Structure formats: C-alpha cells, structure tokens
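Participant: Got a structure for you, questions after.
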Amino acid sequence: MALFNRKVYLYGLLILFGTAFVRSDSDDEGVTVETVEEEEQYRSPQINPKNVYLAEHFDDEAAFKRKWVKSEAKKQGVDENIAKYDGKWEIQAPSRRILKDDLGLVLTTEAKHAAISALLDKPFEFKDKPFVVQYEVTMQEGQNCGGAYIKLLSRGTNTKADLRKFHDQTAYTIMFGPDKCGNDNKLHFIFRHQNPKNGTIEEKHSKKPSQRLDDIYKDKEPHLYTLIVRPDNTFSILVDSKEVNAGSLLEDFTPPVNPPEEIDDPNDKKPEEWDEREKIVDPSATKPDDWDEEAPAQIVDPNAVKPDGWLDDEPEMIPDPDAKKPTDWDDDMDGEWEAPLIDNPACAAAPGCGPWSPPLIPNPNYKGVWRAPLIPNPNYRGKWSPRRIPNPHYFKDDNPFKMTPIHAVGFELWSMSPMLLFDNLIITDDPAVAEEWAQLTYAVKRAKISSESQTLWGRLLRATNYKPGLWAMYAVYCAIPVSIYIAYLVKRAREESLVESVLRWAGARPWLAGAGALAAFALLAAAAYWCCGPAPHEPEMEYKKTDAMTEDDPHQSDTEEQPAEARQKPSKANLEGPEPEVDSPPDRSDDQEPLVDSTEKPQIDTEGAGDGQRKRKPRKE
C-alpha cells in the first residue's frame, strides 16, 4: 500500500508540473509549436517620391525631429489652465511589438489637448489628379472617448512658425479619421467648402459608413484608414483596404454643397383670417333632452341573490390562535400586543364571509358627456405655408473637388485613452502608390499577426490580452509553495537522498499528498480561467424614441397649445470653431525638408491639466 501511494504521489507531481508549463488543446493536432521564433525582419518602407507629397513611417527619430513641430498655441474658448496643448508625443515601439525596429508616433497622455504637424514636401493642388491620404492607427489601450483623425491644413500654414501656432481653429481643407465617445462612433470625412458667391466657408460632413465599425476601437490592433477624393467629385473611404463608404461630394454631404434655388419668404406671414381647421364643431347641434350626463357608468345588479351558505357573521380574517406573545415584548415600549391575522378557516368551505353586497354591472342608460358632432369647415383654406422666392444666396458649384490647396498635415486631438499610435502616413495623388505603401507596411504587420495566431505563444498572448505579465505573476505565485517544499527537501537531503525523502514523505502522508495535488490543480484551473476566461464586454446603451402619430382631439379649443418637446442628441466634441480663411498663401519657408522616409521626436512639455468632454458642431464662417 505504501508503494502504491508513493507511485500515485510521484505521478501527481509529474502531472502537476507538466500542466503548469504545457497547455494542450484537442484542436491543436498538427500544429507545430516553436519554442524560439526568429525576429521578423523589418525595413522602413521606401517609395518613389514622384507622386508623393508626404510619406512618413516614424522609424527615423532624428528625421522626425527635423520635420514635425509640436504646437505651442493655446486652445481657444476654454479655461486658461487647460488651454495649453501639453499632450505628450513620443516615437516609440508598439506596446505589442509586431515587427522589430518598427516605430510609431504615440500620444502617450490622456485627457489633454495635443497638437503636432508637419509641412508637406510640396503643396497639393486640387486640379486633375485625385487626392489620397492614408495612415495607420493602433488604439493600444482601446478608446473610451476621443478622436484619432488627421487634419489636412490649408494654405496659410506654410512655415514652421505657422506650425507652432497650430490649434483647433487653424484652417484645414479636409478632416478624416475615426472618432468615438461612448456608444457614438464616427469615421469622419469633413471638407471645408468656400461659397463662390460671398466667400464664406462651411463644413460639409459625409454620410455615415455603410457598416458598423465598433471593433476598431476595442481590438487594440493596427487598422489602416484610406481616403480617396477624385476630380469627378466622387470619394471612397477604406478601412483595412475594404471600402466602407463611398459617394459624391455633391450628393452625400450635410449640408449639401449647393443651396436650393428657392426658399421660403422670411417676410411672408400667415393672415390672421386664415383658417387651417379642416373640420369644426357643428354650431347648430344641441344636446337631446333625454341625454343624461349624470347617469353612472355602473349600477347594482338588481337580479343578484346572496348565495346559500354565505356566512354574514364570520370575518374573513381572524387572530392566529396559535400565536404567542414574544417573551421580550414590552407593552410600555412596544404597545399592546396583538396576534397576527390569518384566513378564517370557517370561510374555506363557504361561498363567502362578511357582509354581502350585490355586484355592479354596466349601466345600459349610461351615455357619458355629450359632444356636438363635427362637420366640414366651410372656411377651410388648407395648411398655410409661406410663398417661395428665389434664394438670394443661391449658387451652383459643379466641381467642389477644387478645394483650398493643402500645405501641411497635423494631428489636433483630445483623448480619454492614452497610447494612441499613428504610423505609415502617406499623401499622394495616385491610389496605386498608396496601395504599394500599404503592402510594404500594413500588409506585413497583418501577415505577422496572422502567423502569430497559429502558434502557442500567439494564443497565450491573446489569452492574456497581450499582457504576458499576467502569466509571469501566475508563475511566481505557483513557485512560492514549490520553493518552500524544495527547501525542505534540500534540508532532509543532508540526512538522506532526495528520492528517499520524497518516497518516505509521501508514504507517511498519503492523504496530505492527495490533498496537495487537488489543491494545486484547483489553483491551476482558477488561474487559467482568470487569465484565459472570456473578457467582459462593454455594455451597449439603447436609445428609444417614439415616432408614432397621435390623433388630435377635434374638440380641443383652438386657443389651447399642445406642449411639444424635441430632444436633440448631444454630439461629441471636436474642438472646432470659426477661423479666418487666408486666400493668398505666403511663400513657403526655406527650412522645409522632404518627408519621404523620415521621422522625428519633438521636445514635449508634460505640465498641464486635462479637461472634460469636448463638443463638436459644424462650423460656418
């Protein structure tokens, strides 16, 4: 028996330690697990600069510092103590390293305004070639509330001195990219259109994407955003090289580019004698003489008879005869004690107990309040509407593609989630060039992510939400009791061999050995569930609204107004405001350098406080 216990205990130890370091699943057959993986070779992408206005991979920190400029301006319209753009930008490797030596621009702070920008290698003129902007975003900590969009700055931002003044009201031509707060998420495409008649500028917002894009804010993986605007006034938006939105600049934006030819006359007023009532109460109708408005709706049933056996003298409830006054009851403090009431057992077999009264029935003579009938209104003139007049501000712009030239690009953001990573930004006039750039950058990352998902290490990373530190904590936690026991064995080994000590200890305490094995397995199971169990999902809020029409009461007085309430869904901030438009661009600075294959890290001011949720509304100048 002792030898059997020793064998059971040794097998338990082997299974215990094997389980701690090896994880096998039934569906892993045929999958080769590599214990040592070679680092993926990565080279910064190179692209022909012929059709490129900016190409930035953020891998060269020295080049980045020469090119990109952190804003020194202050946000307008907010308190002085939170107006400073003090969000911190750094060139860093992703927290989940996919490719060796691949770096990105990271907004490391949260709840702070942050702005950084760079001049294009050459201005983009909207003439006969498409405009293409493409970049990657990795929301490494997810996104609770904030934007990750890009601004293409208009002419007038021509020097590095102008870049240092970059703020929320700096003129931009296009704004593009993801934005989320709570359950409200958007993929912005906004362009600023200049009225050819009076020179005012108004934001035009694209329609919503054709599919939901919730996962891009949760999965913490890199995503590729591409915008193509063509000279024929069409546009396409792609996410991860798949089209999610497309349309026309003339038809799919709010407000529309071209205003209506006619508008309601603002000076036209409804005449006082205008009667919009389709029906009115018949003034000649009178209440019939036999109409009794005082008759009750219900009366006592005259044909009702008390059932036989009805116990008039028996109450429905009686004091519980078995109840006893509690021993700690104090009449002075608690009052006179009364037994609780229970159903009268005498009423159980009877039709009823207590005083009997006949039931009520509908009154056949009940008519209710009399109202006069409705008749067609002889003075009805229909619903009034103001007359239409030619729109004095009407114009027709058949080619809104010809926007204000773009001279710079920048990020001007506010986010409640830190560690937003931007990478592989390119601006070109050829979609094929952008696709080639994506194949050199984003496609390589996706291929590496896909290959990792087939390995044991990749599954472990996903199980720990790409935080292997959880497994390290688990290993340390399990190593503590093991280390204590090993120390005990070492001490006993001075007197006898390790094998003899283990066998003797297990033989003397088989129940304790079994309990220890069970406890170890329980700890392993609990830790595995904690690390690998299902992740909690964000609750989704539902918004309910009632669009049903209700019928008007034709007898209501014309002087009575029905209260009307309209709730406007609050929109999320974008920190945009009115800004002057500069029509004539000054000369570009001589210190501008090409952006192809360059990156740089600015000096960051980390002092500053965060602010609350921002609000965004269309801007009209």
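The values are calculated or read from the model by the stated rules, or taken from the named source; none is laboratory data. Note that this is a predicted model, so its numbers are computed, not measured. Reconstructed Cβ throughout: ideal geometry from the backbone, glycine too, with neighbour counts over all protein chains shown. Ligands, DNA and RNA are excluded from the accessible area calculation, which covers all protein heavy atoms including side chains. Shrake-Rupley method; radii C 1.70, N 1.55, O 1.52, S 1.80 Å.
Every residue, every condition in (1) part of a loop (DSSP other than H, G, I, E, B); (2) touching a residue at least 24 places away in the same chain (Cβ under 8 Å), yes or no:
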site: ASP290; (1), (2): yes, no
site: ASP308; (1), (2): yes, yes
site: ASP332; (1), (2): no, no
site: GLU338; (1), (2): yes, no
site: LYS367; (1), (2): yes, yes
site: TRP370; (1), (2): yes, yes
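Participant: Being in contact (Cβ under 8 Å) with a residue 40 or more places away in the chain, basic (Lys, Arg) and open to solvent by 30 Å² or more (accessible area, probe 1.4 Å) is the filter here; which residues of the range 202-217 pass it?
Facilitator: LYS207, the sole residue that qualifies.
Participant: Could you tell me whether the range 241-248 includes any residue that is at positive phi and not in a strand (DSSP E or B)?
Facilitator: The answer is yes, given that some residue of the range 241-248 is at positive phi and not in a strand (DSSP E or B).
Participant: Residue under question is PHE401, and the condition is that it be within 30 Å of GLN140 (Cα to Cα) and of a type in the set (Phe, Trp, Tyr); does it hold?
Facilitator: So PHE401 does not fit the description; no.
Participant: When LEU187 is evaluated against the numbered criteria (1) under 24 Å from GLN439 (Cα atoms); (2) not basic (Lys, Arg); (3) not in a strand (DSSP E or B), which criterion, by number, is the only one it fails?
Facilitator: (3) is the only condition that LEU187 fails.
Participant: For the subset of the range 100-125 comprising residues that are surrounded by fewer than 20 Cβ atoms within 10 Å (Cβ to Cβ) and over 25 Å from GLU72 (Cα atoms), which member is modelled with the highest pLDDT?
Facilitator: Checked the range 100-125; the qualifying residue modelled with the highest pLDDT is GLU125.
Participant: Something else about it: Given the criteria in contact with a Phe, Trp or Tyr (Cβ under 9 Å, 6 or more places away or on another chain) and either closer than 19 Å to VAL132 by Cα or part of a loop (DSSP other than H, G, I, E, B) (or both), does ILE263 qualify?
Facilitator: No.
Participant: Kindly list the number of the only condition in (1) open to solvent by 40 Å² or more (accessible area, probe 1.4 Å); (2) basic (Lys, Arg); (3) over 30 Å from PHE395 (Cβ atoms) that fails for LYS180.
Facilitator: Of the numbered conditions (1) open to solvent by 40 Å² or more (accessible area, probe 1.4 Å); (2) basic (Lys, Arg); (3) over 30 Å from PHE395 (Cβ atoms), the odd one out for LYS180 is (1).
Participant: Right, here's the next one. With respect to the numbered conditions (1) at pLDDT 90 or above; (2) open to solvent by 70 Å² or more (accessible area, probe 1.4 Å); (3) not basic (Lys, Arg), which one is the sole condition not fulfilled by ASP332?
Facilitator: Only one criterion in (1) at pLDDT 90 or above; (2) open to solvent by 70 Å² or more (accessible area, probe 1.4 Å); (3) not basic (Lys, Arg) is unmet by ASP332, namely (1).
Participant: Among (1) under 30 Å from LEU250 (Cα atoms); (2) at pLDDT 95 or above, where does ASN158 come up short?
Facilitator: (2)
Participant: Being crowded, with 22+ Cβ neighbours inside 10 Å, at pLDDT 95 or above and out of contact with any helix residue (DSSP H, G or I) (no Cβ under 6 Å at 6 or more places or on another chain), is that true of even one residue in the range 426-435?
Facilitator: Of the residues in the range 426-435, the ones crowded, with 22+ Cβ neighbours inside 10 Å are 426-428, 434.
Those left that are additionally at pLDDT 95 or above: 426-428, 434.
Narrowing the set further to residues that are out of contact with any helix residue (DSSP H, G or I) (no Cβ under 6 Å at 6 or more places or on another chain) leaves 427, 434.
The answer is yes, given that some residue of the range 426-435 is crowded, with 22+ Cβ neighbours inside 10 Å, at pLDDT 95 or above and out of contact with any helix residue (DSSP H, G or I) (no Cβ under 6 Å at 6 or more places or on another chain).
Participant: Tell me which residues, restricted to the range 258-285, are within 45 Å of the chain's Cα centre (by Cα) and of a type in the set (A, V, I, L, M, F, W, C).
Facilitator: ILE263
Participant: Determine, yes or no, whether MET175 is assigned to a strand (DSSP E or B), surrounded by 20 or more Cβ atoms within 10 Å (Cβ to Cβ) and at pLDDT below 95.
Facilitator: It is false that MET175 is assigned to a strand (DSSP E or B), surrounded by 20 or more Cβ atoms within 10 Å (Cβ to Cβ) and at pLDDT below 95.
Participant: Look through the range 47-93, keep the residues that are free of Cβ contacts under 8 Å to residues at least 40 places away in the same chain and more than 20 Å from TYR442 (Cα to Cα), and return whichever of them is least open to solvent (accessible area, probe 1.4 Å).
Facilitator: Step by step, filter the range 47-93, then rank; the result is ALA83.
Participant: Of all residues in the range 126-139 being among the β-branched types (Val, Ile, Thr) and within 25 Å of the chain's Cα centre (by Cα), which is modelled with the lowest pLDDT? Spell out how you get there, then give the answer.
Facilitator: Initially, the range 126-139 is screened for residues among the β-branched types (Val, Ile, Thr), giving 132-133, 137-138.
Then drop every residue that is not within 25 Å of the chain's Cα centre (by Cα), which leaves 133, 137-138.
Details: VAL133: 97, VAL137: 94, THR138: 91.
This residue is THR138.
Participant: Same structure again: Go through LYS242, LYS270 for me and flag whichever is within 30 Å of TYR135 (Cα to Cα), among the basic types (Lys, Arg) and either open to solvent by 30 Å² or more (accessible area, probe 1.4 Å) or touching a residue at least 24 places away in the same chain (Cβ under 8 Å) (or both).
Facilitator: Details: LYS270 fails: within 30 Å of TYR135 (Cα to Cα).
Being within 30 Å of TYR135 (Cα to Cα), among the basic types (Lys, Arg) and either open to solvent by 30 Å² or more (accessible area, probe 1.4 Å) or touching a residue at least 24 places away in the same chain (Cβ under 8 Å) (or both) holds for just one of LYS242, LYS270, which is LYS242.
Participant: If I ask for residues that are in contact with a His (Cβ under 8 Å, 6 or more places away or on another chain) and under 18 Å from TYR85 (Cα atoms), which ones from the range 158-167 would you list?
Facilitator: Of everything in the range 158-167, nothing turns out to be in contact with a His (Cβ under 8 Å, 6 or more places away or on another chain) and under 18 Å from TYR85 (Cα atoms).
Participant: I've got another one for you. Within the range 310-328, how many residues are assigned to a loop (DSSP other than H, G, I, E, B) and either surrounded by fewer than 10 Cβ atoms within 10 Å (Cβ to Cβ) or among the hydrophobic types (A, V, I, L, M, F, W, C) (or both)?
Facilitator: To start, the set of residues in the range 310-328 that are assigned to a loop (DSSP other than H, G, I, E, B) comprises 310, 312-316, 320-328.
In the following step, the residues that additionally are either surrounded by fewer than 10 Cβ atoms within 10 Å (Cβ to Cβ) or among the hydrophobic types (A, V, I, L, M, F, W, C) (or both) were identified as 310, 313, 321-324, 326-328.
Total meeting the criteria: 9.
Participant: Before we move on, is PRO355 surrounded by 13 or more Cβ atoms within 10 Å (Cβ to Cβ) and more than 30 Å from ASP289 (Cβ to Cβ)?
Facilitator: The answer is no for PRO355.
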